[in-house]
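Structure, as structure tokens:
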Ligand code: PNS
């Protein structure tokens, strides 16, 4: 089974990594798909996000990193994806994720694109990219929430701002 794990990954966190590792163990192929968002600049450029992901995921032979723009359903269908993977951290995630899952299935050919949810590990279930950006910007400690190299690069972004 070939699955897609889409997201903004601005930056990748240990929560994302946990989901990718577990998906890699359960599915034949995992495409980590980074959304090219033309409306939102983001902290890291697309190239920087892809580079960090590729470096961190180098050892996972069934995981590949791609970027996509437009509708996820179109990218998924063009790449013969069987299902979308999303992580659920808390009940608060559920509402948005449920809508997204229904929309993607509705938009897919023959209502065929399923979304499968993995529950975030409790160790990292409170981590989000937006929280990482805010903590780093305010000089807090993000050690243990993102990989070391990502932490360094995130702090660097805010130096001199
Ligand atoms: O990491 P995020 O920001 O939670 O990821 C959200 C993402 C990229 C999965 C979602 O915004 C998405 O799929 N965007 C592409 C446009 C799309 O297909 N939207 C769904 C129908 S409105």
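The values are calculated or read from the model by the stated rules, or taken from the named source; none is laboratory data. All values derive from a computational prediction rather than experimental measurement. Positions of Cβ are generated from backbone atoms using ideal geometry, with glycine treated the same way; all protein chains shown enter the neighbour counts.
The residue list 63, 3 contains one member that is touching a strand residue (DSSP E or B) at 6+ places or on another chain (Cβ under 7 Å), more than 14 Å from the ligand (Cβ to nearest atom) and in contact (Cβ under 8 Å) with a residue 40 or more places away in the chain, which is 63. Looking at the range 110-117, is at least one residue part of a loop (DSSP other than H, G, I, E, B) and in contact with a helix residue (DSSP H, G or I) (Cβ under 6 Å, 6 or more places away or on another chain)? Yes, the range 110-117 contains at least one residue that is part of a loop (DSSP other than H, G, I, E, B) and in contact with a helix residue (DSSP H, G or I) (Cβ under 6 Å, 6 or more places away or on another chain). Cβ contacts < 9 Å: first residue without any contact (Cβ under 8 Å) to a residue 40 or more places away in the chain and farther than 13 Å from residue 72 by Cβ, restricted to the range 97-114; second residue part of a helix (DSSP H, G or I) and more than 11 Å from the ligand (Cβ to nearest atom), any location; separation 6+ or different chain. Result? Taking only residues 6 or more apart or on different chains, the pairs are 109/77; 112/77.
Picking from 53, 17, which residue would you name as being in contact with a helix residue (DSSP H, G or I) (Cβ under 8 Å, 6 or more places away or on another chain) and more than 11 Å from the ligand (Cβ to nearest atom)?
17 is the lone residue from the list that is in contact with a helix residue (DSSP H, G or I) (Cβ under 8 Å, 6 or more places away or on another chain) and more than 11 Å from the ligand (Cβ to nearest atom).
I'm trying to understand the selection: among the residues of the range 118-134, which are away from the ligand (no atom under 14 Å from the Cβ), part of a loop (DSSP other than H, G, I, E, B) and touching a helix residue (DSSP H, G or I) at 6+ places or on another chain (Cβ under 6 Å)? Hit for the range 118-134 is 121, nothing else.
The residue that is nearest to residue 83 (Cα to Cα), counting only those in the range 139-161 that are modelled with pLDDT of 95 or more and out of contact with any helix residue (DSSP H, G or I) (no Cβ under 9 Å at 6 or more places or on another chain), is 148.
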